[in-house]
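The next block holds one structure in the form of structure tokens; read it before the comments.
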Amino acid sequence: MIDDESRYFSPGGSLTPGGPSKWNILDWDQRRIIAVTMDEEQYSEDVAVEHLKKHIDTLGSDVYAIHISPEDGSLISVSTDPKDDETTCVYHPPLQEMQRPDWVKTVLRSELRELDRLSPNVDLVSYTPPPPSFEATKKPRRKVIFKYYFLPQFIHKLWNEMNLWMRLPLHHPNLVPFDRLVLDELNGSVVGFTNLYVLGGTLDENKSRVFKLKYLKQLTHVVDDLNLEYGIMHQDIAARNLLINRETDALMLFDFNYSGRIGGIGHEQNRDDVGGVIFTLYEIITQDEHFREIPHDQQNPANVEGLDEWVQHADVELDHDVSEYRSVLKEWVKKRREGRQIAIYTEASQYIDWPILTRSHQNEIILPDGQGGSTPVPGVSWFEMRRDKERGSVVLNWERPPQNELRTRTHVLANGKPEDEKPESGNLEKGKLEGRKLEDEKQEHGKLEA
């Protein structure tokens, strides 16, 4: 379940000196935007969020905006006028423009059953792999993590993560495997992807687990592979992004949303993975995280390396003495700093690359002229406002019922619809989507026969 601190986000708003002020607040739980208007001048969205919290789970699904009393936060009015709708319709690339590896298959968003809402843009879901598949006979439903986007701010970040992850080795023992590309049920465009769900929680969530010396060695091994073999800098090595596979007793790394190609797009010098391993091991052993509670450009691994003693936290279990962990770490760090360096990702032996996200046609962008009017100019637009869509046009919606309603409802699908609700007539381009699914099934069948 999305925690209260992470539940709300403001993509924008409008302010008038002296008031009123309007903040557009996104509720990640319901995946809907509510415009909150207050008569007073408010330069922070925090007040709007606090007021919205009092009403969000009781507002009808057709409410786009609310007017709040400054005295007690009560509702003065609500608006169901589509002109007040601040929802964006974001560009999603067609499947045919994805240069996916041969083994990467697809699944429809409407085939994913929601199991939990983990964080913004991240859900735990399940689906049934189509036959002919060995998994279909062994496990009726496959649990996976679904990562997606419906705001323009997240388009390029997810594009890069998706393209990077699906090009990593599928069977690497220390990488959580990529699963499938997720297509929308309207046009078959790519709205996100899934990766395998690993039981047991992260090292940050499950601190009672024994942290074995071999896990450290596996972490240094997978970081070496990413950096030196594939030219990738993970840039977010931390206990929250590490899992232990119960079946193999192996450490596994995941989450590549901050990753970049060394010396290329997305690479940040102050997020080096060697430093990330140093900080992570120290934090796992001591449970002291203050060295990374400052901006990345101020973090210095030497502050941790130079400590005379790492004090093992009372609740932390290790299978070797702390000194052995430090010795293994020190030897690896020395090897990395004195060994072969990768200045740019193409110097890696099996470097990973992928195309930048582009649009095949230009849109007309409306720019204000500063005199109350506007001027249309050619350019690339990554979204449209839902309220500006032609009347009667079908759009991809993401809204879903509040988490607290799910106990009394049937399962909800990843498109926000109840599982037992039939799709609206005319919304599915069955020929295109079934053709793509058939192509995936033939591809998998061919591999099984081989």
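Taken together, the values in this text are just the output of simple stated rules run on the coordinates, not laboratory data. In this text, all values refer to a predicted model and were calculated from it rather than measured experimentally. Here Cβ is always computed from backbone atoms with ideal geometry, including for glycine, and neighbour counts include all displayed protein chains.
Sites listed here are GluC sites (Glu not before Pro) in region 241-286 whose DSSP assignment is loop and whose Cβ has at most 14 other Cβ atoms within 10 Å: GLU247, GLU268. For the chain, the Kirkwood hydrodynamic radius comes to 24.6 Å, computed from all pairs of different C-alpha atoms. Counting only Cβ charges, +1 for Lys and Arg and -1 for Asp and Glu, the dipole size of the chain around its Cα centre is about 1640 debye. Go through LYS217/LYS330; LYS105/LYS157; LYS217/LYS334; LYS207/LYS334; LYS157/LYS389; LYS105/LYS217 and tell me which ones have a Cα-Cα distance over 23 Å in this structure. The pairs that break the limit, which is 23 Å between Cα atoms, are LYS207/LYS334; LYS157/LYS389; LYS105/LYS217.
Taking label points 7 Å from Cα along the Cα-to-Cβ direction, GLU229 and HIS290 give a separation of 3.9 nm. Spacing of the modelled spin labels on LEU213 and ARG141, each 7 Å from Cα toward Cβ, amounts to 4.4 nm.
The slack between ASP39 and ASP308, meaning 0.36 nm per residue of separation minus the straight C-alpha distance, is 91.1 nm. Note on LEU170 and ASN300: their simple-model spin labels are 4.7 nm apart, each label 7 Å out from Cα toward Cβ. Sorting HIS313, HIS55 by the number of Cβ atoms found within 10 Å of their own Cβ, with the fewest placed first, yields HIS313, HIS55.
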